[in-house]
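Visitor: This is the structure I have questions about; it appears just below.
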Amino acid sequence: MAEMTHRTPADATYNLKKDNLTAIGQVEQFFFREEVPYGMALARMALCATLLWTMVYRWQHARELYSTDGAIAQLSVTFGQGNYLPELSGTAVVALASLLVLALVTSIIGWKTRISLSLVLVLYGYFALLDGLSTMTKYSVIACHILLMLAISNCGDVWSVDNWLSNRNRRGIWPLQPKVLRRKSAVWPQMLIQLFIGIVYLGAAATKLHTAAYFTGDQLKFWMVTQVNNLHPLGDYLVLHPGLIVVMCYVAIIWEIMFVFLVFTKWGRPCVLFLGVTFHAATSVTLGLYIFPLVMFSGYLAYLRESDVQTLFQWSRYLRRRYAGVFNASAFDVSGWALPDLGGWRPAIAHYSLLLYVCTILITMSAGVQAENWLDPYGLKRPEGPYELKAISHAQAGRYFQQESQIREEDRVFSLRLGTATIAGIVIDPRTEFTQGDTVLAQVALAPPHGDVFLECVLCDGAGKLLHQEYFVTPRECDLVTFRLNMCGAVEAGDYEIIIKVNGREAQRRSFQLAAGACEVVK
Amino acid sequence: MQKRAPAIAFIALYLGVLGWGIVAHTFSIGVNSHVGMYFIVWDMFCGWSAYEQRNHLIAEGQSGQFYDVSSPPWGDVHPYGPRERIHYDTYASHAPRVVQNVLKHTVHEPIVKVYYVEELWSKKFNIPDQYWEANYQETKNRHSYFNTRLTMTNDAQNVVAYQNWFNKMQYNSYMDNPKLQQMAQNCRQFFRPMSVFDPNVIMNANTIPAGGVDTSPIVPVNYEVSRP
């Protein structure tokens, strides 16, 4: 266990306060202390693998998405500024898309890392700007920022083909090997990624502060039930528990604001990073976001310091020894992993590495163009000729041209919930059984744009006899109305129904049972 | 220090740009002034409405036959899930090029006109059946609203834009107020230029076919006439 408490020089240099430095000295140490870029190498591999997943799919549609032979949707058009970027022919775009896929692969393995990452940055940014509909999203932007930092960092110094080819310290890539073998570099690109992620969260919090509907949970509720992303089973369930959503909203915004201030402190860092991982993982099952969390997790790897990676390796070594008899110990011995020694071939490969790289690029681009030509994305070379337009029936076409000037009354109400307790104005204990003496809260969530509506809450007994009626003139900006019905006094135990009417027409109803309670029944 | 000067300059510039993004976004200063702002403004949470939207591109042939142009016959792109690419064109900015591309690569009769139609329904109908049954006593009866957002000629040129459905509903709710209606009437000038942003354009447009039924032909009519 002695190894577990071993402190490295990297630890000592990171602890700014103990060094009694001036403010400038602390800033200098913050950006310019030197470490082995393990975190950046991991971020490089994870981010490029994620982008590779997205771009391999888009490669087959490259002609359609990014070329003049397709339907380019430049982001600048959405900003009302016309087409900013040059648009290329189908063949050129397919060649560049193939190059992008290759550059992502070479970035993952770390072959000509800086050139590869620069190519990825330029090409991915270009394609994303060309396709504002289906390539450019905020995760693309975040990925571009991280790629920029990776391209100017020395993330190819470890765990890369470049490192293997350079004969200097190919045995020194593992954290527990002697420090004289490790190649250190200034950490400022890594620190900029860390700051960048904190600033993104701060900006996201600013957006939420601008959005009043965020704090009522409405924004998140409607997002959770939207079907434009992937499947989100937990979101479908949570949408019926808006009280939980409101609590999550408050936790999320507090975490987003605090992130950048806590992530550079000793105890704050693991806490906010753990919350971040939880938050982004939750967006997968609640909102159907798959790529966004992976991009953020890749960025999170930049928070790994040299000392963290060393600690992880010490743990793995400890576990290997501890459970040597249980598992195959060699399976955990990653520090022994190395690319094969090709003997006399390796210096030759290293010498011609750039030439090989250029040749690989040219071959990949040509092969990509040939493959796409063979795939014939528009089906122009089919024996039966180009595709025909899909005809639709008159009935179907007529349906598209129905124009209604008003929304149905039942569509103005999103949900009706009965309960007795609220958090932030939201009913949190939905139920269908009450006891005499309870105050039943009938909460109506309206779906904007509902306009100004006359809302009625009608209480009926089991036989449908009207017992009580309340109404509320709801202005267009009000999306939540709660009627309070005191079940004490004249209301006997039995079955009841609450009916919500909008502009005189029934929109929703809920049945409930009232059990006898301690409250005196006044006849 | 001299060796570090470029790095220091880069750090200062980069953090300055990110900082400007935060300030611009927080105080709403020129957030949409330039496409570059998209790279420094973090509005990942904007405008999720209570209605689910789908977009349809419908082409009208010379024979009166209608065609679906929104789904290319060679297969669609599904960028972020099961939805097709055209459904992410929220502002109807890119539809003309999508239309051009589909028409260019398919065989078809001469096309007279293409319509970009929004379809919307309340998102409560997206709730899975098992949760619906547990939380709603009503039968699940989804109703779609349709709104013609753009019309364009066969070459996807001469695009005429109309209000989106949300603005239209909002406008209708304002116009439910008779006092406001009267004031609008009083303020209206006798001579004025036609504007695509004016709701009157859609009301008077003689170009949008009215809803048809199975057997009756779809003929262009004045939308104002068809209003209830």
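Visitor: When the Kirkwood hydrodynamic radius is evaluated over all pairs of different C-alpha atoms of region B:16-150, what value in angstrom, to one decimal, is obtained?
Guide: 18.2 Å
Visitor: For A:Lys390, list the lysines whose Cα falls under 25 Å from its own Cα; do not include residues on the same chain fewer than 8 positions away.
Guide: A:Lys381, B:Lys104, B:Lys113
Visitor: Can you list the trypsin sites (Lys or Arg not before Pro) in region A:363-417 that are in a DSSP coil and have 16 or fewer other beta carbons within 10 angstrom? Show your work: numbers first, answer last.
Guide: Working: sites: A:Lys381, A:Lys390, A:Arg399, A:Arg408, A:Arg412, A:Arg417; in loops: A:Lys381, A:Arg408.
Of the trypsin sites (Lys or Arg not before Pro), the ones in loops of region A:363-417 whose Cβ has at most 16 other Cβ atoms within 10 Å are A:Lys381, A:Arg408.
Visitor: Under 18 Å between alpha carbons, and skipping anything fewer than 8 positions from A:Lys465 in its own chain: which lysines qualify?
Guide: A:Lys501, A:Lys523
Visitor: Trypsin sites (Lys or Arg not before Pro) within region B:1-86: which are DSSP loop residues with at most 10 other Cβ atoms inside 10 Å? Don't skip to the end; give the middle numbers.
Guide: Working: sites: B:Lys3, B:Arg4, B:Arg54, B:Arg83, B:Arg85; in loops: B:Lys3, B:Arg4, B:Arg83.
Loop-located and lightly packed - B:Lys3.
Visitor: Still on this structure: Do any chymotrypsin sites (Phe, Trp or Tyr not before Pro) in region A:218-276 lie in a loop, going by DSSP, with at most 13 other beta-carbon atoms within 10 Å of their beta carbon, and if so which?
Guide: A:Trp267
Visitor: Let me ask something else. Can you compute the charge dipole magnitude of the protein assembly as shown about its Cα centre, using +1 on each Lys and Arg Cβ and -1 on each Asp and Glu Cβ, nothing else charged? Give it in debye, rounded to the nearest 20.
Guide: With only Lys, Arg, Asp and Glu charged at Cβ, the dipole is about 2780 debye.
Visitor: Can you give the % of DSSP beta bridges in the protein assembly as shown that are antiparallel, to the nearest 5?
Guide: Details: 69 of 77 bridges.
Of those bridges, close to 90 percent are antiparallel.
Visitor: Normalise the Debye intensity by I(0) for region A:186-228, one equal point scatterer per Cα, no solvent, then take log10 at q = 0.15, 0.28, 0.31 Å⁻¹ and round to two decimals.
Guide: -0.55, -0.91, -0.97
Visitor: With a point put 7 Å past each Cα toward its Cβ, work out how far A:Ser511 is from B:Cys187 in nm, to one decimal.
Guide: Placing both labels 7 Å beyond Cα along the Cβ direction yields 5.2 nm.
Visitor: Taking amide H atoms as placed 1.01 Å from N in the peptide plane, list the residues 5 or more away in sequence, or in a different chain, whose amide H sits under 5 Å from that of B:Lys113.
Guide: B:Glu60
Visitor: Let me check the size of the protein assembly as shown from its C-alpha atoms; what are the radius of gyration and Dmax in Å?
Guide: Here Rg and the maximum Cα pair distance are 30.8, 103 Å.
Visitor: So what J values fall out for region B:35-44 if you push phi through Karplus, 6.51 cos²θ - 1.76 cosθ + 1.60 with θ = phi - 60°, rounded to Hz, Gly and Pro as x?
Guide: Going residue by residue, I get 4, x, 5, 4, 8, 10, 10, 10, 9, 6 Hz, with x marking Gly and Pro.
Visitor: May I ask you to derive the FRET efficiency for B:Gln130 and A:Leu312 from their Cβ-Cβ distance with R0 = 56 Å, giving the value to the nearest 0.05?
Guide: E(calc), rounded to 0.05, equals 0.85.
Visitor: Using a 10 angstrom Cβ neighbour count of at most 16 plus a DSSP loop assignment to flag exposed GluC sites (Glu not before Pro), which longest range of chain A is free of such sites?
Guide: It works out to A:88-383.
Visitor: Any idea how far the Cα center of region A:272-328 sits from the one of region A:62-110, in Å?
Guide: 33 Å
Visitor: About the Cα centre, and with charges only on the beta carbon of Lys, Arg (+1) and Asp, Glu (-1), how big is the dipole of region A:382-498? Nearest 20 debye, please. Intermediate values should be presented prior to the final figure.
Guide: Values: 10 positive and 18 negative charges, 83 e Å.
Dipole of region A:382-498, to the nearest 20 debye: 400 debye.
Just so you know, all these numbers are worked out from the coordinates, no wet-lab data involved. Keep in mind that what you see is a predicted model, and the values were worked out from it rather than measured. Neighbour counts run over all protein chains shown; Cβ positions are idealised from the backbone, glycine included.
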